[in-house]
Amino acid sequence: MPLTIGTAGHIDHGKTWLVRALTGKDTDRLPEERNRGISIDLGYAPLELPDGRRLSLIDVPGHERFVRTMVAGATGIDLFLLVIDANEGARPQTHEHLAVLRLLGVDKGVVAVTKADTVEADMLELAVEEARGLVPGAEVVPVSAKTGAGVDDLRAALTRAVETLQQTVARSELTRLFVDRVFTLHGIGTVATGTLWSGRIGAGDRLRAEPAGLDVRARSVQVHDEAVDVAEAGQRVAVALPGVERHQLRRGDALVTPGAFALSYRLDVALQELTAIPERVLVHHGTGTTLARVVRAGRYAQLRLGEPVVAARGDRVVLRAGTTVGGGDVLDPAPPRHADLERFERVAQGERLIHAPVRAADGTWEYAEEWLAELRADLEQRLDRADPIDPSIPAPTEPWADAVLPKLGLGRRGARLYRPGAAGALGARAAEAAALEARLGLEPVKVEDARLARFLEEEGRLVRVGDGYAISPSAYARARGALVEELEATGTITLARFRDLLGVSRKPAQLLLERFDADGITRRVGDERVLRRSAVRSRE
């Protein structure tokens, strides 16, 4: 069974050096990290154990300013590697990281007492004893990343910890991967990475990116830079997503089985408190963070979220307000908008109270009218925030959507929801659009805002070519005319000939030819283009 281990511990206690000693990989990849000598973002490496098993290892930053990043990495791990400097002992972030691990239910792991070569034997023994008292039940191993002493013992201890864990990990069959990095690779496009919480992801799989509301396809899948046919839950996964632009995804989004998870705007949780929990907190769930208002009812609370999350019963959340103040287990990811102690108790005991839709025996959907009113209000609020250029929002994709959406009084076009009669308008962006049009000609212009480009193309005010570029409609018409005339005269055309014909460089010519292919005007045959019969007929 694939498993993920995560480091924890105070800044400068040697987490990244230890990861390098264990894996041979430096997880500090950012120039700023290397210049400053501290970890800022999450780092990843494969860890080979003596028994041949391979774990995914996440290295987290130890600075108090980056606790949010630490939590994002810790949410997907199965066991911990707590690092404590033999000279300093436990420090503030040691304790806070341990609190985060407890709140996330990560209770198995190993403690490494690092820099063992820098202290006397009696000091090292004291540091080991302190670590045992700090994390009862965890094996404690003194180690030196500099000399290599104890590294093999640490690998053996991790192997033993994995053996105790294998029997306790249960995962859902529904795919859910929380994104922690999004980047672009030349020739591949947008890549999203994360720890696969549950399910599987294989090349060609159709997924849903939430709450971004995007239908996506996994072109290829890698686990620690190695291509795989299928990635399993518990592995570090990189997914190539064709047709998705980098800015459309962010840390905290989830790639999920379509229709399997509803967006949660409220969470009912059973609390685990460290200190008094204030009314306003940051909620850490998956790899994301959102502000929330806390409505208490005894040892339970309803978290009213500033942004939706992709949650399920049994998920863990961490609550922070300057420091970690508590956390909890999700009891209901789609509760009604009230905090009722009796309801909390019934749900905590496993009772399923009908609020959000459940399928009845006859195949129909049962739900509370209160839930329908809440859904309508939530969708109306999202429509209020929609871009005037495209005054729509993604339609819910849950299994109940087809039965419920017609009752909301909203229009649906494909995968989008609109208010009846709604139409796009530039509004305050008219000047921006005019400035863009003034720059357009035959030379492709980069347009960062894909939504604006799509709107202007639908209005007949530009033509999109390539990924994020545009030319003027008149330039497109001139290029099309020149191309068709040449093909009718000679039968074929090469990229070089088309470039010379237009008097442009190779890149604009290439983008235009690809657009003409997509428009059904030309067809590529080897290194040449020929005129499609449909294009010939359209001129007759």
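Remarks
- Cα gyration tensor shape for segment 4-165, rounded if a/c is under 1.5, else prolate or oblate: rounded
- The Kirkwood radius of segment 365-418, taken over pairs of alpha-carbon atoms, gives through the Stokes-Einstein law at 25 °C and 0.890 mPa s a diffusion coefficient of 211 µm² s⁻¹.
- Stokes-Einstein D in µm²/s, Kirkwood radius over Cα pairs - segment 90-185 at 25 °C with 0.890 mPa s viscosity: 155 µm²/s
- The residue list 309, 288, 277 was ranked by how far each Cα lies along the charge dipole of segment 276-322 toward its positive end, using unit charges on Cβ atoms, and 277 comes out on top.
- The length gained by stretching the chain between residue 446 and residue 482 to full extension, at 0.36 nm per residue less their Cα-Cα distance, is 10.6 nm.
- Label positions at residue 518 and residue 273, each projected 7 Å from the Cα along the C-beta direction, are separated by 5.7 nm.
- Pairs of Lys residues in the chain are counted when their Cα atoms are under 13 angstrom apart and they lie 8 or more places apart or on different chains; the count is 5.
- Placing +1 on the Cβ of every Lys and Arg and -1 on the Cβ of every Asp and Glu, with nothing else charged, gives the chain a dipole about its Cα centre of roughly 1720 debye.
- A straight line joining the Cα centroids of segment 263-320 and segment 322-380 runs 14 Å.
- Listed residues 447, 513, 462: farthest to the positive end of the dipole of segment 439-539 (Cβ charges): 513
- Using the empirical formula 2.2 N^0.38 Å as the baseline, the Cα radius of gyration of segment 176-256 reaches a ratio of 0.93.
- FRET efficiency, residue 369 to residue 120 (Cβ-Cβ, R0 60 Å, nearest 0.05): 0.25
- Distance (nanometres) between label positions extended 7 Å along Cα→Cβ at residue 185 and residue 245: 2.3 nm
- Summary of packing: across the peptides 83-93, 106-116, the per-residue average of other C-beta atoms within 10 Å ranks them, highest first, as 106-116, 83-93.
- A simple spin-label model places pseudo-atoms 7 Å from Cα toward Cβ; at residue 291 and residue 435 they are separated by 2.9 nm.
- Ranked packing of 424-432, 6-14, most packed first, by mean Cβ within 10 Å: 6-14, 424-432
- Net length available on complete extension from residue 307 to residue 200 is 35.9 nm, with 0.36 nm assigned per residue and the Cα-Cα distance removed.
- Take every pair of alpha-carbon atoms less than 8 Å apart whose residues are at least six positions apart; their mean separation over the length of the chain yields a relative contact order of 8 percent.
- From most to least packed by mean Cβ count within 10 Å, the peptides 412-423, 46-57 give 46-57, 412-423.
- Each residue in 180, 519 was given a count of other beta-carbon atoms within 10 angstrom of its own, and listing them fewest first yields 519, 180.
The numbers here are math on the coordinates, done by the rules we state, and not lab data. Predicted model, so just to flag it, every value in this text is computed and none were measured. Backbone-built Cβ (ideal geometry, glycine too); neighbour counts: all protein chains shown.
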